[in-house]
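Just so it is clear, none of the values below were taken in a lab; they were calculated from the coordinates. Fair warning: this is a prediction, and the values are worked out from it, not measured in the lab. Methodologically, a virtual Cβ is constructed for each residue, glycine included, from the backbone with ideal geometry; neighbour enumeration extends over all protein chains shown.
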Amino acid sequence: MLHPNRGEMKESQTTENVEVEAESFFLEDHSDPEENHFVFAYKIRIKNHGSQTVQLLSRHWIITDSNGKTEEVKGEGVVGEQPVLDPGEEFEYTSGSHLKTEMGTMHGSYQMVNDQGESLEVEIPCFTLSVPGILN
């Protein structure tokens, strides 16, 4: 079952005229609480509000569980793509993460380049991963 984190808002942040919106979901059917294995999906929407075309080259995630354990994930593109966003365009994808605790957070940045060859670091807002009912 897919459980949106009820009562939580989508998190959104704009950097360099690029907006990143994040929303998370608990994947109950893929989780095993008795084994401290909690699986979450997250949906990201990237919108180009600027006047230049941008391309997402790589990502850097910082994932922290409720015990304070931090994991960093770096890699090229997102979901196997390095999307190009013309002015006014958006790109949406869904991916996942797993924690050993019922709650945690994710944040990070996308490394992009504009059509002038300038590098941009676009912030990904901090959003919460949590089992429904944990946060009141």
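Just so you know, in region 56-103 the residues that are polar (S, T, N, Q) and assigned to a strand (DSSP E or B) include one that is farthest from GLY133 (Cα to Cα), and it is SER58.
The residue that is nearest to GLU118 (Cα to Cα), among those in region 11-38 that are free of Cβ contacts under 8 Å to residues at least 60 places away in the same chain, part of a strand (DSSP E or B) and not charged (D, E, K, R), is THR14. Screening ILE63 on (1) free of Cβ contacts under 8 Å to residues at least 40 places away in the same chain; (2) in contact with a strand residue (DSSP E or B) (Cβ under 7 Å, 6 or more places away or on another chain) shows it passes everything except condition (1).
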